[in-house]
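Before any comments, here is the structure.
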Amino acid sequence: MNMTVLARLLTLSIRLLASGGSKLLIMLLVTTPGAFAQGHFKNYFEKKFPQDTVDIHSGMFTTYTHSDKYYWEIPVKLFGADILVTKTALKAAAQAERPTDGLYGFANDMVEEGVIRFVKSGNRIDCLEVFNGISNTPKDSELTSLYRQKNNSGRYLSIPILEEKPEAVLIDVSNLLNQETLFTGLALRHGRDFNISICHPEFSSILEIGSNREDILFIRSQRAYEPSRIPSEIPNAMNVRELTMWQIGTALTLLPRTPLSFRKWDPRVEYFSNTYQKCDNNIYTTTIKVAKRWRLEPRPEDFERYEAGELVVPIKPIIFYVDRQTPEYLRQAFIEAVDSWQKAFEQAGFKNAIKGEMMPAHKSDPEFSIDDPRISIISYNVSPRMNARGGIITDPRSGEILSGRVSIFHSFLDLIQQWYYCQCAQVDPRIHEEIIPDTLLARIAKFVVTHEVGHSLGLCHNFIGSSAYTVEQLRTPDFVAKYGTTPSIMDYTRFNYIAQPEDKMDSKLLSPNVGIYDCFAIEWGYRYYRHHANSDSLLKEWVTQQQEQRELRFANNSGIDPEVQSEDLSNDLLAANALGIENLKYMKSNEPLWRSGEWANRQIWINRQSWMEIQYNNFLTQAILYIGGINTLTQQPIPIRKQLDAIEFINKYAFSSPEWLFGNHRRTSSFYQEIIRSLIQRCEYVQNSSERYPNNTISIKEYITVLHQTIFDRHQTDRSREILQEVFCKSVLDAMKNSDSQYMKMLWRCELENILDEARQKHFNPQHGQRITDYIKFCMGK
């Protein structure tokens with residue numbers, strides 16, 4: 001709207017007021033010079049409210065407001081159009097407690113509600129919720145189209161038409177917006193996630209409605225909710241249910257007329273996915289799994305250059321905006337985390353396809369709204385939750401990713417400091433300090449954000465990535481500088497704990513980064529095919545060829561393969577973790593030199609001790625996975641020698657006086673209980689493996705025998721070993737009692753009889769042997 005038109009409108013308004021007549025004063029909500037509210041139903045409101053003011057708000061639907069009454073002018077051209085409904089917490093309530101995962105309920109959190117259509121039915125407008133489980137491909141059969149017509153939507157509500165014109169219809173949506181509905185409420189479908197329940201309308205209201213674009217409408221409201229759970233720490237909590245106040249932004253977004261073409265999901269390059277059903281051959285049984293991905297396409301004039309291998313700029317690059325609540329020292333690291341994916345998109349043929357930017361200053365960019373589901377944001381949330389999350393908003397019809405929503409929780413900074421200390425203190429003296437430099441913290445935070453952005457690009461965790469490289473390679477700076485610490489940052493990889501002081505590894509090389517698998521996966525998801533008909537077969541053949549390269553393989557963490565687990569590193573886990581444990585011993589022995597002795601910093605070292613114990617346990621439990629393990633790539637059991645090596649590893653690094661870390665026998669006993677429990681739980685895996693591969697793996701009898709020989713080693717007679725043996729006896733008794741297998745009960749009973757027999761033969765210290773004998777006999781009722 002130019003200034004001349006605005007001046008004429010203001011003049012007209014003044015004349016109307018001065019006339020004192022019964023004409024209606026229509027006020028336009030002009031948010032920007034481009035506002036376009038026209039209003040085809042002014043005459044209707046002149047008659048209905050002759051003495052009152054009615055505001056007109058522009059947007060996808062022109063909205064008329066009068067007091068607490070709201071009316072939508074729905075253009076005829078939008079009848080049957082697909083509209084995505086999303087909700088965003090513009091301002092979130094502070095909560096003493098959150099749901100178990102604690103990942104939702106913060107400002108900038110966005111959730112999908114689904115797709116709706118407005119359809120004219122006689123003298124009413126039906127709002128339909130669209131069922132998107134049916135394929136939208138061009139080759140759909142006639143039966144698919146028929147099924148969609150009859151079954152793909154449910155009527156959410158039906159509203160009478162107040163007045164109708166060739167261009168549009170007018171409906172009253174007051175009840176729709178003033179009550180807890182799909183268009184305003186957050187508790188109906190997301191109450192558990194946000195810890196809210198009953199809405200109190202007397203404290204709720206519409207704050208703003210409209211937009212300056214014809215493809216979206218924003219409805220911003222204040223809502224008052226009771227919490228779904230009462231904080232446990234509040235005295236007399238049964239009588240306390242204080243209201244929580246929220247500002248919620250609902251966006252109605254017009255989806256593209258043509259959905260993104262499907263890319264069939266491939267388990268060898270796993271993306272998040274949607275599953276659709278097809279009606280083929282008159283039978284409603286066929287399903288198709290589709291990867292969730294962004295719409296990244298060359299400009300039409302660049303098609304030939306793109307297909308010739310030249311890098312081109314996509315029509316719509318991916319932009320992630322960094323929350324201005326992010327501390328200053330972290331902002332550039334977060335931007336660089338986004339930019340680090342650029343090389344992956346270059347492999348897919350695009351340059352400048354993704355970038356990070358700071359969120360625009362308040363109202364400096366009228367096109368920017370955090371409740372717009374097409375805008376990607378990296379939010380910084382103040383929370384005790386030590387985590388981060390990479391979410392996506394999608395078009396349910398096709399799996400097209402419309403935006404990414406990355407949430408970084410403040411306390412994750414403490415988490416990554418602990419990881420870095422436990423894994424890199426042997427090579428980076430800066431982490432010896434009680435307060436580490438901001439520059440270091442920003443650098444190690446970058447990889448977490450990079451990982452979460454990967455999720456927002458559609459990528460799933462690839463737990464096999466970190467086991468691709470050898471220990472020697474990961475100790476070689478030139479190799480790490482070229483290939484990184486892992487082929488995939490989408491693994492649960494932390495830092496390079498294999499690096500040793502003599503390796504002279506630059507600290508910049510200790511963190512993971514976007515690797516060759518990640519580039520391969522992005523190319524699979526985003527390589528553009530102008531002619532889509534044969535793209536799936538081309539991609540399938542291409543992936544098959546690439547699978548010959550170990551670094552380009554994908555695997556989920558199944559709990560049976562020692563090379564496919566979280567927080568591991570290298571293709572020789574036992575050698576790598578031996579170095580990791582030696583690092584912990586180095587840290588523990590030098591801790592007195594690093595501590596300042598100031599009382600205020602005492603908690604820092606208490607926390608570091610706790611995390612060293614967690615890291616130590618991780619090193620050991622990772623090794624235990626070899627026992628009864630299966631290689632997921634070859635579908636063969638882990639070699640017997642490797643399983644026995646794992647037991648010897650546990651004997652050397654867990655069973656041989658771990659007081660260097662725990663300090664006393666009481667805490668050592670608790671530690672042994674966890675390790676023995678894990679070893680006994682592996683019996684199920686050993687038995688399953690031996691039944692499936694009877695000639696290629698250890699049997700359950702052999703496993704129990706090796707455990708016995710290891711734990712009751714006559715050359716180990718210190719008090720720590722006695723505690724281990726006592727814990728083992730108790731654990732075997734528990735296993736015998738709780739097992740559902742009569743065969744296992746028999747094996748455990750035989751093991752206990754064997755221990756009693758050795759005690760009678762005085763293989764143990766007399767007092768220790770008597771304690772074991774008395775306890776076993778008492779529990780067995782002898």
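Points worth noting:
- Helix 535-546 vs. the chain, principal-axis angle (Cα, 0 to 90°, nearest 10): 20
- Simple label model, 7 Å out from Cα along Cβ direction - TRP542 to LYS91, nm: 4.9
- Within the range 361-413, trypsin sites (Lys or Arg not before Pro) in DSSP loop having at most 12 other beta-carbon neighbours inside 10 Å: LYS363
- Among CYS729, CYS422, the order by Cβ neighbours within 10 angstrom, fewest to most, reads CYS729, CYS422.
- Burial ranking of peptide ranges 663-672, 555-564 (average Cβ count within 10 Å, highest at the top): 555-564, 663-672
- Each peptide in 269-277, 620-628 gets a packing score, the mean of other Cβ atoms within 10 Å over its residues, and the list from highest to lowest is 620-628, 269-277.
- Along the range 609-625 the Karplus relation, 6.51 cos²θ - 1.76 cosθ + 1.60 evaluated at θ = phi - 60°, assigns HN-Hα couplings of 4, 4, 6, 5, 5, 4, 5, 4, 4, 4, 4, 6, 5, 5, 5, 4, 5 Hz to successive residues, with x for each Gly and Pro.
- Taking Cα centre as origin and charging only the Cβ of basic (Lys, Arg, +1) and acidic (Asp, Glu, -1) residues, the dipole magnitude of the range 613-687 rounds to 60 debye.
- Placing a label point 7 Å from the Cα of ARG305 along the Cα-to-Cβ line, the residues of the range 514-555 whose backbone N sits under 18 Å from it are 528-530.
- Helix 640-653 and the long axis of the chain differ in direction by around 80°, with both axes built from C-alpha atoms.
- Averaged over residues, the count of other Cβ atoms within 10 Å places the peptides 673-686, 632-645 in the sequence 673-686, 632-645, highest first.
- Annotation for GLN549 and LEU440: the two label points, set 7 Å from Cα along the Cα-Cβ direction, are 3.5 nm apart.
- The calculated FRET efficiency for the pair TYR693 and GLN742, based on their C-beta separation and a Förster distance of 22 Å, comes to about 0.40.
- Proximal lysines relative to LYS278, as straight alpha-carbon distance under 17 Å, when same-chain residues fewer than 8 apart are discounted: LYS139, LYS150, LYS264, LYS289
- Which labelled figure in (1) 46.1; (2) 32.2; (3) 43.7 is mean projected area of the Cα convex hull in nm², once derived from the coordinates: (3)
- Full extension of the chain between LEU254 and SER656 yields a length gain of 138.2 nm, computed as 0.36 nm times the residue separation minus the alpha carbon distance.
- Secondary-structure-derived ellipticity at 222 nm for the chain, considering helices only, amounts to -12000 deg cm²/dmol, per-run term -39500 (n - 2.57) for DSSP H runs with n ≥ 4.
- Cβ-derived FRET efficiency at R0 41 Å, LEU157 paired with GLU242, nearest 0.05: 0.80
- Calculated FRET value between LEU633 and SER670, using beta carbons and R₀ = 45 Å, to 0.05: 0.75
- Using alpha-carbon coordinates, inclination of helix 700-711 to the longest axis of the chain, degrees: 70
Each value in this text was obtained by applying a stated rule to the coordinates, not by laboratory testing. This is a predicted model, so every value here is computed, not measured. As a convention, Cβ positions derive from the backbone with ideal geometry for all residues, glycine included, and neighbour counts pool all protein chains shown.
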